[in-house]
Amino acid sequence: MNRPIHATQGRYAPPTPARELTVTSADGAALHVEEYGPGGAPTVVLAHGWTCSIAFWAPVIRELSRDHRVIAYDQRGHGRSAPPPYGGYTTETLADDLAAVLDQTLATGPDGRREQAVVVGHSMGGMTIMAAARRPELRERAAAVLMCSTGAGALLAETLVVPTPRGRVRERVHTLVLGSAAPLGRVTPVGRRVLRYVTMGRAATREMTDACARIVHACPRRVRAQWGHMMGEMDLAANVGELTPPTAVVVGTADRLTPPVHAHRIVEALPNPLGLTVLPGIGHMTPVEVPDAVADAIRGLVADHLTDPAPAPAEASPKASAVADAATAKEPSA
């Protein structure tokens, strides 16, 4: 029997959401969304990265949901969200989905005032935020942004997964790695070691590695390959200069997938940068490797930029519908 697709106990087990929602994207696709924490609290929206799911954010959600309303969603084709149609694995699809989540989960008051949130993206989630930089939903709804372990382009040239010299051979090898549709199968000791090497720093624990491996191995291989191809070809450099909300960036020095050179380029191009935090020895999976540091950074953004209370009474979008009671939707967390 296959192991569960996420940790079922401990810090890396997904907590029980307050409610689950379905958000409808621009093309009519259903996106799975989960809400945690007390209603009326400052809101944080989380967008996970490539091959992951809401479960990836478990330790950060555990920390923040005590006194924040946390909205997390499964990116297209990941977790319980519908995959894109043929030809739909694009940055525009990512932007459409984030815009829909912001528009349909954040309240609008009777006076027309719109609730804001701190918007956080890891890896492809950060790329999602950059893709949506010109969207009014992001500009109006994001009080501040945090991007962790991400890049705006040139991923194939800079990625350090395979230690080959810079040039066409290196880019070709990394194209094959990112776009591979090979089945990952069940999580094995060898699989864990490979995942740890590619995505995490040397100090990553067995618990961290196992939690990430279960999530990554659960991603459908076609989805993994198609989004991998997209990331290898994308160029969001021009979008960074139009990301107007105050934006902070976090990266680990041991990040092989999106090395620190990407973070430095992003910060230099941002119109309203809040600085770059470089974490020594940390790999690509920052929200799992150092969840307290990521949660603290989010708390700081909330304290500094999300001072206006949410509109009341809250008016839910008719396109966002509750789909399950949280008490029966998830396994009990430890």
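The values are calculated or read from the model by the stated rules, or taken from the named source; none is laboratory data. Nothing here was measured: the structure is a model prediction, and the numbers come from that model. When we count neighbours, we look across all protein chains shown, and the Cβ atoms used for this are built from the backbone with ideal geometry, even at glycine. Accessible surface is based on the protein model in full, side chains and every heavy atom, while ligands, DNA and RNA are left aside. Shrake-Rupley method; radii C 1.70, N 1.55, O 1.52, S 1.80 Å.
Assuming a ≥ b ≥ c are the square roots of the Cα gyration tensor eigenvalues, decide whether the stretch 1-150 counts as rounded (a/c under 1.5), prolate (otherwise, with a/b larger than b/c) or oblate.
Taking the square roots of the gyration eigenvalues as a ≥ b ≥ c, the stretch 1-150 is oblate.
Starting with the highest mean, order 297-305, 41-49 by the number of other Cβ atoms within 10 Å, averaged over the residues of each peptide.
Final packing ranking: 41-49, 297-305.
Among DSSP bridges having both ends in the stretch 22-132, what percentage is antiparallel? Round to the nearest 5.
45
Just read off the accessible area of Met231 with the full protein assembly in place, 1.4 Å probe, to the nearest 10 Å².
Approximately 10 Å² for this residue.
So, in nm, how far is label Ala26 from label Asp296 when the simple model puts each one 7 Å beyond its Cα toward the Cβ?
Here the answer is 3.9 nm between the modelled labels.
For a test of the definition: using alpha carbon positions, the gyration tensor, and the 1.5 limit on a/c, classify the stretch 77-132 as rounded, prolate or oblate.
In terms of gyration-tensor shape, prolate.
Quick check for you: with a 1.4 Å probe and neighbouring chains kept, what is the accessible area per residue of the stretch 72-158, in Å²?
27
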